[in-house]
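Reading through the structure tokens given below for one structure.
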Amino acid sequence: MTALRIGVLGAARIAPMALIKPAQANPEVDVVAVAARDKDRAQAFATKHGIPKVHDSYDALIADPDIDAVYNPLPNGLHASWTMAALEAGKHVLCEKPFTSNAAEASEVAEVAAAHPDQVVMEAFHYRYHPFAQRLQEIVQSGELGTLQSVETWMCIPLPKFNDIRYDYALAGGATMDLGCYTIHFMRLLAGAEPHVVSAKAALRGPKIDRAMEADMRFDSGMTGHMHCSMWSTSLLSLGAKVVGDHGQMTVRNFTMPHILGKVTVTTPSGKRTERAGKGRTYRYQLEAFCEAVLRDGPVLTPPSDSIANMAVIDAVYEAAGLPLRGL
């Protein structure tokens, strides 16, 4: 395989930033096809981004023998079915977060993935592949902060366009799905363990749709956790984390897009220091990791097993908040 040939399911707004632009700078990747429900929209998307082939349907794209891998940025409620279909068609899959609508769906996808061991399946938690995420994990695991006592993560990004699909329950929308998946994933990474949800409280946009969510967690070690996410609340724009240990604390700014003023500050009895995240973009690192996994059997940091665990916490948050699981 001289270059990894990727097809895109849907003309999603995230695709240029998450895949097309990084691919243009990566000689090992060619974005060769796109399919959308509206062929005219797909054609316009292909023309704008220099994609040579347009398919009439998602089925046609995943059946294309000239495609090695599929990027799946469809609405949340379609992730599971089309990821499984792509795997059955012999394609590698880079699937946008959240991986599925709920943990049961994630388990179904994992079973299909296990039946196709030669295919790579990666959930697109792009921040996880940036050196900044690795560095934050190193700091926590180094013991510099001592025994961990609490971890708090938050991600608040305003989305006042209420007809957006992220507010659509039928498409597995909600703040916890769109942004909370990050805060939960990052909490799990920093804690190095799986949390139990103690309580959760949602601010609603509709009877089943959370526009904001707060949840308290606990870990078997006795450490506590708290996450806050919002698509529309008084917390307009804030992304970060705070980890407290008995020897010090670590605060993080902008873990998801660390090239934009991302930094970490560590405070201990020996002093205070700040480390900058650097300028590399997360999506570049993610695509490089996907290529490494497909072409050279490199590691996948966000495999289906991790996705099941993350979706299980999301499900538990919704249950604790008295809301139905997505995809039901």
Worksheet item: Among the residues of the range 36-45, is there at least one that is within 25 Å of the chain's Cα centre (by Cα) and free of Cβ contacts under 8 Å to residues at least 12 places away in the same chain?
Response: no
Worksheet item: From the set of residues in the range 121-171 that are basic (Lys, Arg) and under 22 Å from GLY10 (Cβ atoms), which is modelled with the lowest pLDDT?
Response: LYS161
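For every residue, the table says whether it meets (1) under 19 Å from PRO22 (Cβ atoms); (2) buried (at least 19 other Cβ atoms within 10 Å of the Cβ); (3) basic (Lys, Arg); (4) in the same structural domain as LEU190 (by TED's automatic domain parsing).
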{"site": "ALA289", "(1), (2), (3), (4)": "yes, yes, no, no"}
{"site": "ALA293", "(1), (2), (3), (4)": "yes, yes, no, no"}
{"site": "ARG296", "(1), (2), (3), (4)": "yes, no, yes, no"}
{"site": "ASN310", "(1), (2), (3), (4)": "no, yes, no, no"}
{"site": "VAL313", "(1), (2), (3), (4)": "no, yes, no, no"}
{"site": "ALA321", "(1), (2), (3), (4)": "no, yes, no, no"}
{"site": "PRO324", "(1), (2), (3), (4)": "no, no, no, no"}
{"site": "LEU328", "(1), (2), (3), (4)": "no, no, no, no"}
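Just for strands (runs of 3 or more DSSP E) wholly inside the range 169-276: which have at least 3 residues that are of a type outside the set (Phe, Trp, Tyr), in contact with a Gly (Cβ under 7 Å, 6 or more places away or on another chain) and crowded, with 24+ Cβ neighbours inside 10 Å?
Values: elements: 196-204, 210-218, 224-230, 238-245, 248-253, 263-268, 271-276.
Result: 210-218.
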Worksheet entry | Set ASP59, ASP118, ASP66: member being in a helix (DSSP H, G or I) and modelled with pLDDT of 95 or more | ASP59
Item to complete: Out of the residues in the range 121-142 that are in a helix (DSSP H, G or I) and either among the small types (Gly, Ala, Ser) or free of Cβ contacts under 8 Å to residues at least 12 places away in the same chain (or both), state the one that is surrounded by the fewest Cβ atoms within 10 Å (Cβ to Cβ).
Response: GLU138
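The values are calculated or read from the model by the stated rules, or taken from the named source; none is laboratory data. In this text, all values refer to a predicted model and were calculated from it rather than measured experimentally. Every residue, glycine among them, receives a Cβ derived from its backbone with ideal geometry; neighbour counts consider all protein chains shown.
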